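Enquirer: Take a look at this one; I'll ask things after.
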Amino acid sequence: MEVCFKNVSYQYTTRQTTQRYALQTINLHIPKLSFTAVVGKTGSGKSTLAQLLSGLLEPTNGTVFVNGENIHDHQHVRLLDEIGYVFQYPEQQLFADTVYEELAFGLQLKGERKECIQKKVADIIDMVELDPSILKRSPFHLSGGQMRRVAIAAILIMRPKLLILDEPTSGLDPKLKHGMMDVFRRYQQQERATIWMVTHSMEDVALYCDYCIALSEGKLVGVGKTADVLVSGNVPYPRTMAFAHKMIHEKASVPFLSTPEEVAEWIATSWLKNARNQADGK
């Protein structure tokens, strides 16, 4: 789904009745079928931007368009049915007695037939790579990684065409994190969906996202193709890119290294030591 923000600002009112802008005059256009990262430091306005797009918040000024329609116009409320929002730590929203009931709940509210629900539950369990035997178990008796997948599956089973992810891999170890990101990429390809992801992980941005939005103190400081935004200087490099950038521009000499152990030792004892000395002005 195509997304456009036109002169969008959002202002919070605090308990002291003073007001502050969480976002100021945001203008951007992101094409459909994209995987877009929203990046910036804590407090930069990332989650506010995502909540405006989902319809959870209304802009103080400006308009948010999805597929050319104002999502905050009550005439276009049907658009909200095509938007899925995965909150940070979505497993905290689990409530049903069994995994099957958790996944079937939204479809039952829509009045879908039992046979159709069973087929969709089986399909989504396969997509998130969980064993079907899990369907009879309580979601609260699963591992943390399994609970996260069940909670996300409960959103994906509704087949949103615009999926908004707010730090979806928070608290996961690297293996589970990559597995979860692969699920989102697979969903995007199978459903031809548009995905927006709020994240602090620049590694995920570089690996999975083709567009990037960079915010700083509520202002837009970068938007466009991921590679262009990453080299603009307005966002921090992923660690591997930062390392390569420093190596190239400082013309550091790399000795012949044949094993991972030698690479690690060289970084720890030679390159890293020199980098720290330079930073300290030695």
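Enquirer: Excluding same-chain pairs closer than 8 in sequence, count the lysine pairs in the stretch 3-234 whose Cα atoms lie under 20 Å apart.
Expert: 19
Enquirer: Tell me, what HN-Hα J-couplings in whole Hz come from the Karplus equation 6.51 cos²θ - 1.76 cosθ + 1.60 at θ = phi - 60° for each residue of the stretch 47-63, using x for Gly and Pro?
Expert: Result, rounded to whole Hz: 5, 4, 4, 5, 6, 5, 5, 7, x, 5, 10, 10, x, 5, 9, x, 9.
Enquirer: In addition: By average Cβ neighbour count within 10 Å, what is the ranking of 157-168, 210-221, 185-196 from highest down?
Expert: 157-168, 210-221, 185-196
Enquirer: Still on this structure, I have one more. What are the residues whose amide H is under 5 Å from the amide H of Ser170, where those residues sit 5 or more places off or on another chain and H is modelled from the backbone?
Expert: Hits under the 5 Å cutoff: Tyr89.
Enquirer: Let's see if you can work this out: charge +1 on each Lys and Arg Cβ, -1 on each Asp and Glu Cβ, no other charges. What is the dipole magnitude of the stretch 3-234 about its Cα centre, in debye to the nearest 20?
Expert: 200 debye
Enquirer: Let me ask something else. Amide H neighbours of Gly40 under 5 Å, at least 5 residues apart or on other chains, H built in the peptide plane: list them.
Expert: Answer set, sorted by chain and number: Leu215.
Enquirer: Counting only other residues whose beta carbon sits under 9 Å from that of Lys161, what net charge do I get with K and R as +1, D and E as -1?
Expert: Its environment carries a net charge of +1.
Enquirer: Once you have the Cα-Cα distance between Ser133 and Glu58, take 0.36 nm times their residue separation minus that, and quote the gain in nm to one decimal.
Expert: 22.8 nm
Each value in this text was obtained by applying a stated rule to the coordinates, not by laboratory testing. Quick caveat: nothing in here was measured; it's all calculated off a predicted structure. Virtual Cβ from ideal backbone geometry, glycine too; neighbours counted across all protein chains shown.
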